[in-house]
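Values quoted throughout were computed directly from the atomic coordinates according to the rules given, and no laboratory measurement underlies them. Source: prediction; values computed, not measured. Don't worry about glycine lacking a Cβ; one is built from the backbone with ideal geometry, like all the others, and counts go over all protein chains shown.
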Amino acid sequence: MTERPDALLLAITDWDPTPWLDRFRRLLPDRAIVTGEDSFDPASIRYAAAWKHRPGSLAGLPNLEAIFSLGAGVDHLVGDPGLPSAPILRVVDRDLTERMSEYVVLHCLMHLRKGWTYAQRQARGIWEDDDDQPAAREVRVGIMGLGVLGGDAACKLKVMGFDVAGWSRSRRRLDGIATYAGEAELDAFLSRTDILVVLLPLTPETRGVLNAGLFGRLARDGRLGGPILINAGRGGLQVEADILAALREGTLKAATLDVFETEPLPASSLLWSHPAVQVTPHNAAMSDPDAIASAIAGQIRRHEAGEAFVNAVDPGRGY
Ligand code: NDP
Ligand code: OXD
């Protein structure tokens, strides 16, 4: 009898694979865990766990049963034309969700309480109070993408007192949060938004959505003196030349960006030194190898016991 293939291929670029190898070897001690650097029989691979794998590198694995993303986003997988047709499973993890909500709440509060202004003043030794200090309830936050991450962030912003709304493709219902759905309700959503938080996935439909046209539709009558953009979704959602132009023209007042068209953000980017832009290095919500490898090992064990996978991506929608 031929033995059933059961190896896991770890296909990672961009991150150090060591902690992942370590966790998977510990959690799945009875099977081979290999990386693209190892020599292995393609027919031995039953699962792949990937983060920004080299496009095409998952092709030619005849016994592949599932591809696990090591992050919540799956654009790195869905965008690979050479991807085999196995189900793609994404990360839904409490640790990652909580980290993202921390990031969103932190940056909304930094803008509300002018944290960046005071940091700049401190650097110059300036003691100067700002009279205009609106309360959170006077500031309208709009979250584009009201899924696992956007939904949690919305609830936590609500607890802080912000006036929160969310926009998604299909109608979502969240207590105390105004929800808008689809293109038809986008205008109504944008025109009541002072801080736009973006937690959309990158798909053909959402690519470049954060552009001059959209910035011009944001509220102009808010308490913060102009609309603010916080993007922790994906860099491909934003047109960086439009962000810079909108900041120059006053269509945007400030931006906090965790993700960029090109990562790492090139040294030549004007975003680095713009006084109204805060740059973080795509670490709003890092994947924790302990939490995520054990969730994947759990999926594998349940699948092999005959249960269905959870958190499957719809390749047609792209997320
Ligand atoms: P989900 O799939 O749970 O949620 C996605 C949301 O976006 C859903 O509400 C969905 O609508 C909405 N959406 C998708 N396409 C459209 C569209 N065309 N028009 C309107 N709404 C749309 O994803 P998560 O919340 O788990 O993650 C969101 C993204 O966050 C990831 O894809 C990833 O890119 C990013 N991310 C960034 C991290 C970082 O460190 N910067 C870390 C982790 C994730 P509907 O509800 O109707 O399906
Ligand atoms: C993710 C990310 O998608 O870290 O999880 O960007």
Based on DSSP, what percent of beta bridges with both residues in segment 96-279 are antiparallel, to the nearest 5? 5
Helix 289-304 versus the longest principal axis of the chain: what angle, 0 to 90°, nearest 10, using Cα atoms? 50
Between 0 and 90°, nearest 10: helix 94-112 axis offset from the chain longest Cα axis: 20
Placing +1 at every Lys and Arg Cβ and -1 at every Asp and Glu Cβ, with all other atoms neutral, what dipole size does segment 198-287 have around its Cα centre, in debye to the nearest 20? 260
Using the 10 angstrom Cβ neighbour count as an exposure proxy, how do R99, R220 rank, fewest first? R220, R99
Antiparallel versus total DSSP beta bridges in the chain: what percent is that, nearest 5? 5
For segment 96-279, would you read off the P(r) tail past 29 Å as a percentage of all alpha carbon pairs? 16
For D93, D194, ascending order of other Cβ atoms within 10 Å (fewest first) is D93, D194
Positive end of the dipole of the chain, charges at C-beta (+1 Lys, Arg; -1 Asp, Glu), about the Cα centre: which of I143, V74, H303 has its Cα farthest in that direction? I143
Note down the magnitude of the dipole of segment 96-279 about its Cα centre, charges +1 on Lys and Arg C-beta and -1 on Asp and Glu C-beta and zero elsewhere, to the nearest 20 debye. 260
Candidates G142, G236, G36; GNM for the chain (alpha-carbon contacts under 10 Å) flags as most fluctuating G36
Working from Cα positions, state the angle (0 to 90°, nearest 10) between the long axis of helix 240-249 and the longest principal axis of the chain. 10
Mean Cβ neighbour count within 10 Å, used as a protection proxy, ranking 272-278, 185-191 highest first: 185-191, 272-278
If we count other beta carbons within 10 Å of each Cβ, what is the order of R23, R234, fewest first? R23, R234
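Under unit Cβ charges (Lys, Arg +1; Asp, Glu -1), what dipole magnitude, rounded to 20 debye, does the chain have relative to its Cα centre?
It works out to roughly 520 debye.
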Can you check how the C-alpha radius of gyration of the chain compares to 2.2 N^0.38 Å, as a plain ratio? 1.10
Name the residue, out of G176, G73, G226, whose mean-square fluctuation peaks in a Gaussian network model built on the chain with Cα pairs under 10 Å. G176
Expressed in angstrom and rounded, the centroid-to-centroid distance over alpha carbons for segment 136-181 and segment 244-316 is 19
How large is the helix-only mean residue ellipticity at 222 nm for the chain, computed as the sum of -39500 (n - 2.57) over DSSP H runs with n ≥ 4, divided by its residue count, in deg cm²/dmol to the nearest 500? -8000 deg cm²/dmol
GNM flexibility winner over the chain from R248, R124, R140 (Cα, springs under 10 Å): R124
Where the centre of each part is set by its Cα atoms, how far does segment 184-234 sit from segment 4-46, in angstrom? 40
Under 11 Å from the Cβ of F260, count the other residues' Cβ atoms, weight Lys and Arg +1, Asp and Glu -1, and hand me the total. -3
